1. Take the stretch 297-317 and flag every residue that is open to solvent by 80 Å² or more (accessible area, probe 1.4 Å) and small (Gly, Ala, Ser).
2. Taking the stretch 169-193 only, how many residues are of a type outside the set (S, T, N, Q) and in a helix (DSSP H, G or I)?
3. Name the residues in the stretch 79-97 that are in contact with a helix residue (DSSP H, G or I) (Cβ under 7 Å, 6 or more places away or on another chain) and free of Cβ contacts under 8 Å to residues at least 40 places away in the same chain, would you?
4. Select from the stretch 116-131 the residues that are over 20 Å from the mean Cα position of the chain (by Cα) and buried (at least 21 other Cβ atoms within 10 Å of the Cβ) and write down the one among them that is nearest to LEU154 (Cα to Cα).
5. Which one of ALA210, ALA258, ALA225 is open to solvent by less than 80 Å² (accessible area, probe 1.4 Å), at pLDDT 85 or above and of a type in the set (A, V, I, L, M, F, W, C)?
6. Quick check on this structure: which one of LEU87, LEU93, LEU79, LEU99 is at pLDDT below 75 and either open to solvent by less than 20 Å² (accessible area, probe 1.4 Å) or not polar (S, T, N, Q) (or both)?
7. Under 6 Å between Cβ atoms, which residue pairs at least 6 apart in sequence (or on different chains) link something in the stretch 267-290 that is more than 18 Å from ILE306 (Cα to Cα) with a partner that is in a helix (DSSP H, G or I) and open to solvent by less than 20 Å² (accessible area, probe 1.4 Å)?
8. In the stretch 330-347, which residues are in contact with a Cys (Cβ under 9 Å, 6 or more places away or on another chain) and surrounded by 19 or more Cβ atoms within 10 Å (Cβ to Cβ)?
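The values are calculated or read from the model by the stated rules, or taken from the named source; none is laboratory data. It should be emphasised that the depicted structure is a prediction, and the values quoted were computed from it without experimental measurement. Cβ sites come from the backbone with ideal geometry, for glycine too, and all protein chains shown count toward neighbours. Keep in mind that these areas ignore ligands, DNA and RNA; they rest on the heavy atoms of the full protein, side chains included. Shrake-Rupley method; radii C 1.70, N 1.55, O 1.52, S 1.80 Å.
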Amino acid sequence: MKCWNCGNEVSGGRFCGSCGADQEQNPQGAPSGGGRSGNEIILTIFAALCGVVYGAQAVRGLWAIVTNFFGFFFYFWALISLIISVLTVALNLFMCVVLIGIATKRTRENSDSLLILLTLGGAGSAAVALARMVLSILFRYGFSGPSGSFAAFLAALAGAAVSVLGVFAILRFVLGEFPLAGKSTAELQWELKATLDSFGRSASAAAENARAERDARAAERQQYAQQQPPYGGQQPYGQPQDQPAPPPMGYAAYRLKADRSLVAYILLSFITCGIYSWYFIYALARDVNTVCAGDGRSTAGLIKLILLSIITCGFYNIYWYYSLGNRLAANAPRYGLNFQENGTTVLLWMLVGSLACGIGSFIAWHIIIKNTNSLCGAYNYQHGI
């Protein structure tokens, strides 16, 4: 006879030797071999709701990081707060993925490993919240501060407890299972590895499908481009009809913006709650790459800047300013210009000048905007646009 809970063979007796389930208390007539009862929908709904809450918290945390990122002044607490915020977002995403996995992919074979992953994620989330509270008390605000409060720690602890204990209670008292019962550490480790491998295979399959779809779209675009005449159907002057000349390297069919203003950047970023700063970085990096095309360098755009800065805890952000300042200074002679300020000047204002109430970062931005405007103006003049 097979156990109704785990599906393993039961060699006589009332209780299963593998999971400890009482064979005389088969809940809701669950079929032997791990069949699922109608009460499974309760676990599905509960796990899905908790997963949505954690997902929303992750999005909210990521939004807070991004909207405050470009106002980041380089001092100790800001760096610590950024690291903790990134860890919090990562753990919330982890909890969301595990809970959605419980809601959609749970079986009797991976149930225990999913519960272990959920417990680890909940413990990590509470530990990070505790660290934020302690560091906030020691270095910044105390219990009531916005960056690390006692209430925030209690909320993280309560969320983890509700998720973990709720799933455990449903498994034990609604579905009649015995989570983690009768299994050795080696068995649990094997099940945990198998579950992680299955998640990895699912992610790899999704990535492979996305890559195949992207390659197919690229092939379609290339085929379409080969069928279309360049420059709106007009052949360049002096070129054979079958061999159109490529446009000049870095050529833009539009006039580059050469009147950016630091004051406008600050005001519009404030009015739009930081959204304008995203567009500003995107447009500035795009124009710099156009003006400086052919120098063998590339200025990271908005998405790459945000992702690499988060991964490196803000250090790539510093490097971005430094390399941008150097690139502008290096390309100035191409347009008959000469800039006294370079990446080192920008970096010093960002780091040392930030000690004066953050004024140095605004001066660094002024240098970047001024030099970018000069290059864009010279570029527009040179190309007659």
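1. If we filter the stretch 297-317 for residues that are open to solvent by 80 Å² or more (accessible area, probe 1.4 Å), which is where we start, we get 297-298, 303-304, 307, 311, 315.
Listed by number, the list holds a single entry, SER298.
2. Pass one, the stretch 169-193, residues of a type outside the set (S, T, N, Q): 169-183, 186-188, 190-193.
So of that shortlist, the ones also in a helix (DSSP H, G or I) come out as 169-174, 186-188, 190-193.
Going through the stretch 169-193 one residue at a time, the tally reaches 13.
3. Correct list: SER85, VAL89, LEU91, ASN92, LEU93, PHE94.
4. The first filter runs over the stretch 116-131 and keeps only residues over 20 Å from the mean Cα position of the chain (by Cα), leaving 116-120, 123, 126-127, 130-131.
Filter once more, so that each one left must be buried (at least 21 other Cβ atoms within 10 Å of the Cβ): 117-118.
On the way: LEU117: 21, LEU118: 18 Å.
Looking at residues that are over 20 Å from the mean Cα position of the chain (by Cα) and buried (at least 21 other Cβ atoms within 10 Å of the Cβ), I get LEU118.
5. Working: ALA210 fails: at pLDDT 85 or above; ALA225 fails: at pLDDT 85 or above.
Matching residue, one of ALA210, ALA258, ALA225: ALA258.
6. Working: LEU87 fails: at pLDDT below 75; LEU93 fails: at pLDDT below 75; LEU99 fails: at pLDDT below 75.
Matching residue, one of LEU87, LEU93, LEU79, LEU99: LEU79.
7. As it stands, the answer is ASP287/CYS376, since those pairs meet every condition given.
8. Taking the stretch 330-347 and keeping what is in contact with a Cys (Cβ under 9 Å, 6 or more places away or on another chain), we get 330-331, 334.
Correct list: ASN331 only.
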